[in-house]
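**Q** Take a look at this one; I'll ask things after.
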Amino acid sequence: MNKIITPKFNGYAVSNLLAFVLIGLSKLLLDMRGLNAGIFVFSEFVIVPFLMGIISTWYWKNLQLTGRQLTGYSCINGLIAIALSYIFLKEGSICLLIVSPLLLAFIISGAFAGRAMFRQDNETLNVSVLSLLLLVFVVDSISLHEYKNEVSDQIIINAPVSKVWPLVVEYDRNTDPDKYWLFKAGMPSPVQSTVDGHYVGANRKCIFSNGYTFDEKIVTYDINQNLTFDITRQPRDPEIMGHIDIIRGQFILKDNHNGTTTLIGNSWYKLYVFPTWYYDWWAESITRNVHLRVMDHIKHLSEKK
């Protein structure tokens, strides 16, 4: 029995220990370069889990695992990594839910790559592959990471701009149930906006369902046309907040001259998690559903008047 338990345990323990060492090294390298050590680089979600899969397979190579068994072992390894991230890195449950498909995919891929490597018993090849992966990790960790994006959505409201505009500036609490699945899963959703003045420079607040507040400052106040505001402070949270900064928000109103209004919502944000091809898909989806929850509420209130 120990001939099975010990290699399994070592595969889990050593690969996860390696992951934490490499993540710490990544933060150190970023800090040494004067870069934002709070950034999570591409390698932490691709190279590190891939290496975890390879290292764990080295300990499991004599267990004669089937493909299904190797996948199962790798999934357990990934779940251990996720649990450790929750405990030691203080990541939130929604954040870990988002990252889990990426981690599991590369841990499993690394495990199968490792099995192919170790079957060939070619030490030169094995060292070359591991060295290349570590080189990519180091280069990625010391590289500049900067990514900004804009999301835009629009809806038609069956009310004139004169009725829509006041609700764009501020609106009463939204008590409607959430529709977006991540909001239902526990991610905070926008429920109210307040303002302390109707002019450029006035302070505005966007309040979320868990009590978090985004502090905003109005930078454009064109009545019935354009409300633009910069985000001056946003909460730090183990969930998405902290991995993304919302920089600016905007509502554009267009009079359709038939008693209806086109309401356009724009948001600009900056990501601190990479690779962007994965995380920006999530960021766009979340931002879009924040837009739609607010805009649908404005539509409902405007048309009810």
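**Q** Tally up the residues in the stretch 119-146 that are of a type in the set (Ser, Thr, Tyr), closer than 29 Å to GLY24 by Cβ and either more than 23 Å from the chain's Cα centre (by Cα) or at pLDDT 95 or above (or both), please.
**A** Looking only at that region, the number is 2.
**Q** Another question about this same structure. Among the residues of the stretch 100-111, which ones are free of Cβ contacts under 8 Å to residues at least 60 places away in the same chain and surrounded by fewer than 23 Cβ atoms within 10 Å (Cβ to Cβ)?
**A** Passing the criteria: SER100, PRO101, LEU104, ALA105, ILE108, SER109.
**Q** Among the residues of the stretch 90-99, which ones are open to solvent by 50 Å² or more (accessible area, probe 1.4 Å) and within 13 Å of the chain's Cα centre (by Cα)?
**A** The answer is SER93, LEU97.
**Q** Right, next: Can we say TYR86 is among the aromatic types (Phe, Trp, Tyr) and free of Cβ contacts under 8 Å to residues at least 40 places away in the same chain?
**A** yes
**Q** Just for the stretch 163-194: of the residues that are over 25 Å from ASP255 (Cβ atoms) and small (Gly, Ala, Ser), which one is least open to solvent (accessible area, probe 1.4 Å)?
**A** SER189
**Q** Turning to a different aspect of this structure: Being aromatic (Phe, Trp, Tyr) and either touching a His at 6+ places or on another chain (Cβ under 9 Å) or assigned to a loop (DSSP other than H, G, I, E, B) (or both) is the filter here; which residues of the stretch 121-168 pass it?
**A** Selection gives TYR147 alone.
**Q** Further question on the same structure: Given the options LYS270, LYS254, name the one that is within 30 Å of PRO49 (Cβ to Cβ) and surrounded by fewer than 20 Cβ atoms within 10 Å (Cβ to Cβ).
**A** LYS270
**Q** Still on this structure: Which condition number does GLY114 fail, the rest of (1) surrounded by 18 or more Cβ atoms within 10 Å (Cβ to Cβ); (2) within 24 Å of the chain's Cα centre (by Cα); (3) of a type outside the set (Val, Ile, Thr) being met?
**A** Single failed check for GLY114: (2).
**Q** Which count do you get for residues in the stretch 195-239 that are exposed (fewer than 14 other Cβ atoms within 10 Å of the Cβ), at pLDDT 95 or above and small (Gly, Ala, Ser)?
**A** 2
The values are calculated or read from the model by the stated rules, or taken from the named source; none is laboratory data. Here the structure is a predicted model, which means the values were calculated and not measured. Backbone-built Cβ (ideal geometry, glycine too); neighbour counts: all protein chains shown. Protein only, heavy atoms only, side chains kept; ligands, DNA and RNA dropped before computing areas. Shrake-Rupley method; radii C 1.70, N 1.55, O 1.52, S 1.80 Å.
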